[in-house]
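These notes concern the structure reproduced below.
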Amino acid sequence: MIDTLIRLLPHAGTNAFAEKSFVLVTLHRPSNVDDPAELANILAALNEIASGIDVVFPVHPRTRQMMRELSHVELGSRLQLVDPVGYVEFLGLQRKAALVITDSGGIQEETTFLGVPCLTVRENTERPVTVSVGTNTLVGRDMQLLKMEAQKALSGNAKKGSVPPLWDGEAGRRIAEALVKRS
């Protein structure tokens, strides 16, 4: 995954949001979006975060469908719902974001590599190195913690992480060499 990110990052240009500071959000996991009450709580927290900074939210089709059922939830003007974007464009958004809020495993790795603070709206992660070494913080479903950690990151006190060992874009080469040695 990091090999691909490194290869494509030079193609991830600027975007319309690069002129100012913004938070980038992705949400798609059933545990976050399939329960209307849970999704409403997350959107309310995002609305509060968006009171002080633009929040760019490329909305996954599954999430958009569930949001249609929440017509009673009013979204502020700084919470900008946009259509999903391609991988390279999304890399450009991640690279320029002041903070990323997500429930995606892959994004936890990408933000760690890019040095961008990441708040993960999940109770656990299959990528624990992003928490122990990287820039990722698990906030679970605690929306008070999400808002507190977002404020901390946006005020310049984000968790300082580093890139884990071997995240150098050479994993494919090392794998190929190991396979050649085995044959």
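The values are calculated or read from the model by the stated rules, or taken from the named source; none is laboratory data. What you see is a predicted model, and the numbers here were worked out from it, not measured in a lab. Note that we place each Cβ from the backbone using ideal geometry, even for glycine, and neighbour counts take in every protein chain shown.
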Taking the range 45-59 only, how many residues are more than 9 Å from LEU79 (Cα to Cα) and either at pLDDT below 95 or of a type in the set (Asp, Glu) (or both)?
2
Which condition does GLY140 not pass, out of (1) surrounded by fewer than 13 Cβ atoms within 10 Å (Cβ to Cβ); (2) closer than 25 Å to PRO61 by Cα; (3) more than 15 Å from the chain's Cα centre (by Cα), if it passes all the others?
(3)
Enumeration of residues in the range 48-88 that are surrounded by fewer than 15 Cβ atoms within 10 Å (Cβ to Cβ) and either within 13 Å of the chain's Cα centre (by Cα) or under 25 Å from GLY115 (Cβ atoms) (or both)
GLY52, VAL82, PRO84, VAL85, GLY86, TYR87, VAL88
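Could you pull out every one of the helices (runs of 4 or more DSSP H) wholly within the range 39-136 that has 2 or more residues that are farther than 18 Å from VAL163 by Cβ and not aliphatic (A, V, I, L, M)? Can you show your working first?
On the way: elements: 61-68, 87-96, 105-114, 129-132.
Where helices (runs of 4 or more DSSP H) fall fully within the range 39-136 and carry at least 2 residues being farther than 18 Å from VAL163 by Cβ and not aliphatic (A, V, I, L, M), they are 61-68, 87-96.
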Going by the conditions given, is THR4 free of Cβ contacts under 8 Å to residues at least 60 places away in the same chain, hydroxyl-bearing (Ser, Thr, Tyr) and either crowded, with 20+ Cβ neighbours inside 10 Å or part of a strand (DSSP E or B) (or both)?
no
For the range 169-182, check the following and say yes or no: at least one residue is touching a helix residue (DSSP H, G or I) at 6+ places or on another chain (Cβ under 7 Å) and within 21 Å of GLU123 (Cβ to Cβ).
no
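Just to verify a result, which residue in the range 137-161, among those that are among the aliphatic types (A, V, I, L, M) and assigned to a loop (DSSP other than H, G, I, E, B), is modelled with the highest pLDDT? First the steps, then the outcome.
Applying the first criterion (among the aliphatic types (A, V, I, L, M)) to the range 137-161 yields 138-139, 143, 145-146, 148, 150, 153-154, 158.
Restricting the remaining residues to those that are assigned to a loop (DSSP other than H, G, I, E, B) gives 139, 158.
Numbers: VAL139: 98, ALA158: 92.
Result: VAL139.
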Show the residue pairs meeting these rules: Cβ distance below 8 Å; 6+ apart or different chains; first residue within the range 45-65 and within 16 Å of ALA98 (Cα to Cα) and touching a residue at least 24 places away in the same chain (Cβ under 8 Å); second residue surrounded by fewer than 20 Cβ atoms within 10 Å (Cβ to Cβ) and among the hydroxyl-bearing types (Ser, Thr, Tyr).
ILE53/SER21; ASP54/SER21
List pairs: first in the range 75-93 and over 23 Å from LEU43 (Cα atoms), second of a type in the set (D, E, K, R), Cβ under 9 Å, 6+ apart or cross-chain?
LEU91/GLU110
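Among ARG141, ARG122, ARG127, which is within 23 Å of LEU39 (Cα to Cα) and either among the small types (Gly, Ala, Ser) or touching a Gly at 6+ places or on another chain (Cβ under 9 Å) (or both)? Write out each step before concluding.
Numbers: ARG141 fails: either among the small types (Gly, Ala, Ser) or touching a Gly at 6+ places or on another chain (Cβ under 9 Å) (or both); ARG127 fails: within 23 Å of LEU39 (Cα to Cα).
ARG122 is the lone residue from the list that is within 23 Å of LEU39 (Cα to Cα) and either among the small types (Gly, Ala, Ser) or touching a Gly at 6+ places or on another chain (Cβ under 9 Å) (or both).
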Is it the case, given these coordinates, that GLY169 is surrounded by fewer than 16 Cβ atoms within 10 Å (Cβ to Cβ) and touching a Leu at 6+ places or on another chain (Cβ under 9 Å)?
yes
Pick from the range 17-38 the residues that are touching a residue at least 40 places away in the same chain (Cβ under 8 Å) and not in a loop (DSSP other than H, G, I, E, B): which of them is farthest from the chain's Cα centre (by Cα)?
GLU38
Restricting to the range 96-122, and then to whatever is in contact with a Leu (Cβ under 7 Å, 6 or more places away or on another chain) and surrounded by fewer than 21 Cβ atoms within 10 Å (Cβ to Cβ), can you tell me which residue is farthest from ALA158 (Cα to Cα)?
ARG122
